[in-house]
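For reference, the structure is listed below as structure tokens.
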Amino acid sequence: MTQLVADAPVAGTIVIAGADLLDTGMRDDLQAEARHRDVRLVWLFDHLQKESLHQVGGSGTGVAFMELGNHKDAVEAAEFIGRGHKYVLSQLTHSVGETRSEGLSTTDSVTRTTSRTTGTNWGTTVGRGEPSHSNGGSQSFTGSRSVTRGRTRSESVAHATNDGTTEARVYEFEVEPTTLQALPSCGLLLVDNGPRGRRVVTANCDSAIASSPRVSALPAEDVTEPSATTQIDAVEGDVAHDWCSPARRSATS
């Protein structure tokens, strides 16, 4: 196995399937030789064991996790991906209130009015005989009483509804073990350890993608945009071929 890595071309790639069957010493020797020869090793593990966890995740390397049906493997993978702080919904509140108020007021008003009128008159009568004098007086009283009563009743009802949410800062798995257990058969999570830190991206390794239309055989960074002349020539060639086709000639004749 070590000789295979030593004979590999520089900057080549070797895929080792069933890496679980190799002991730790053999894997360390292969990794050291690959680093010396500048050869990329791709380890394929069937199960995540403690002896194999230290083999992955080094600087400048990537780790891909596919569907992990075993819950212990899923937990180990989630621990490897790491934990982080995030805000999650921790509480929902819904309150409904009703306020009722009733009032009753009674008003009594009594008004009394009293008036008194006093009058005096006097007079003197002069005739042939002795003069006569007369006087008199009058007095009158007037009284009144009025009663006013009032009664007022009031009633009010108020309704109030409050909805609230509470978020809490937690330190949890970046990817839950159940997510790793529910990955599709062709899906995977790529954990890339780069100079800017660790990032987790999703990918699809379905072999049918390569045969799909409009799929390039080159990586995205190696694809260059065609020049304007090439695009014009390609369009003109398509048009010319279209006009030369028997179906088009019969349609226009």
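FYI, it's all coordinate maths here, none of it is from the lab. For clarity, every value in this text was computed on a predicted model and none was experimentally measured. Because the Cβ atoms are built from the backbone with ideal geometry, glycine has one as well, and the counts that use them run over all protein chains shown.
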With label points built 7 Å along Cα→Cβ from the Cα atoms of Arg196 and Glu172, find their separation and express it in nm. 2.7 nm
Within the set of other residues whose C-beta is less than 10 Å from the C-beta of Pro184, count the net charge using Lys and Arg as +1 and Asp and Glu as -1. -2
Quick one: Karplus J couplings for region 163-175, per residue in order, coefficients 6.51, -1.76, 1.60, θ = phi - 60°, nearest Hz, x for Gly and Pro? 10, x, 10, 10, 10, 10, 8, 10, 10, 10, 4, 5, 10
Charge sum, other residues only, whose C-beta stays under 12 Å from Thr106's C-beta, Lys/Arg counted +1 and Asp/Glu -1: +2
Percent of alpha-carbon pairs separated by more than 13 Å within region 149-211: 81 percent
FRET efficiency for Thr117 and Ala158, Cβ-Cβ distance as r, R0 = 45 Å, nearest 0.05? 0.15
Net charge, Thr148 excluded, C-beta distance under 14 Å - Lys, Arg +1, Asp, Glu -1: +3
